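Novice: What follows is a structure written as structure tokens; I'll ask about it next.
Values quoted throughout were computed directly from the atomic coordinates according to the rules given, and no laboratory measurement underlies them. In this text, all values refer to a predicted model and were calculated from it rather than measured experimentally. All Cβ positions, glycine included, derive from the backbone under ideal geometry; neighbour counts span all protein chains shown.
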Amino acid sequence: MLTAPHRDLAAEFAKTGRNHPYLTFTLNSLCNLDCVFCKPRCMPDYGHKDRPLTASDYAAIAAEAGAWMIKKAHCSGGEPTLRADILDVIASLADGLGPDAAIGMTSHGNLRRGLSVEKLHSAGLTYLNLSLHSLDPDRSADIMGGGDPLVTQRTLDAALALGLRVKINCVLQRTYLEDAFAVAELARHLPVAVRLIELQNIGPAQALFDTEFVSEAEVSDRLHEWFANAGEVRRDELGVRSPGQYLRPDGWAGSIGFISNSSCATCSDANRIKITPTGVARPCILHNRDIPLKPHLAEATLGDAFAHLFQAMLDRNTNDAWQGFHYVDYDLRWDRMERPQGTPVLPVLPLLSTDTARPACTRSSAEER
């Protein structure tokens, strides 16, 4: 139960009219694949030497989040299904956030032996984001360093049969652009939301960016016949809170959207509270307001931690970079980054400067809200 000051803070946030925050957990950095734009095994401390949060830790965090009226938690990695306790983690989040909570996961869909979509669903999973970059097994292996897209599609079919919402994440690369279009066309007959994701100029992708980057504007132009009579799908209908437009081509069962962190990204409606494997929470990539949760777990003071997080999100309104462009996503590498101490606001992140790297955005920030 929230204390009076905490209730006041939650009410103050609600008055802003912004989307209520949700939790997004990076459960691990381990992955049994090695995508060319990610390559987690290249990191010197791959695997995290620090002790990650436990299922009971996630239960406590989710219970406190539920008191703050948070009703959504998303799990990613690495590959989150490699955690031996993944079913316990999902169940802990579902129990903590309570009835009608949305519990999701991003996975490559090649589930380890003994794990199934049915088991994940029984534990409390309500939606699944699948990484799928080509339908051709050989070309997919070139992109992802292994795995089988046919297995991913079987995981997709199983999820839909159970009534889970399914989104497909497909990273755009010029060499594999036709592959991305084939993935997008799955939405013609399946009730899925395919998200075409721009390559980001960070990490291992920096080596690919100059030759492989393809903008949303270019793809939209290439697919203009699909989008000519397309209707817009509301984000709440899809269970999506990220900025962007989702279009359903005429006669299609599913929709196509874009995640354009290089050409169009704004943080005008960002509402994720990200939590690293070792329990460092961060409400905004443009603010240095990180807070370790482990001490609060040990001292039963998670309410104070969430007050810090909500206040930090409110304080973004005074940050010169708020509503500005950004293209950096620290999901995977947070525990490996040295963050500056004692500085309340980070400087504005540098923008991509060239026309090639920074194509015109096809929608306005007002539309994104």
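Novice: Determine, for each peptide in 141-147, 105-111, 224-230, the mean count of other beta carbons within 10 angstrom over its residues, then list the peptides with the highest first.
Specialist: Put in order of decreasing packing, that is 105-111, 141-147, 224-230.
Novice: So how much slack lies between ARG222 and LEU115, counting 0.36 nm per residue of separation and subtracting their Cα-Cα distance, in nm?
Specialist: Gain on extension, ARG222 to LEU115, equals 34.6 nm.
Novice: Report the full-extension gain for the segment LEU135 to ASN19: residue separation times 0.36 nm, less the Cα-Cα distance, to one decimal in nm.
Specialist: Value of the extension gain: 38.3 nm.
Novice: Sort the following peptides by mean Cβ neighbour count (other Cβ atoms within 10 Å, averaged over residues), highest first: 202-209, 191-198, 301-308.
Specialist: Descending packing order for the listed peptides: 191-198, 301-308, 202-209.
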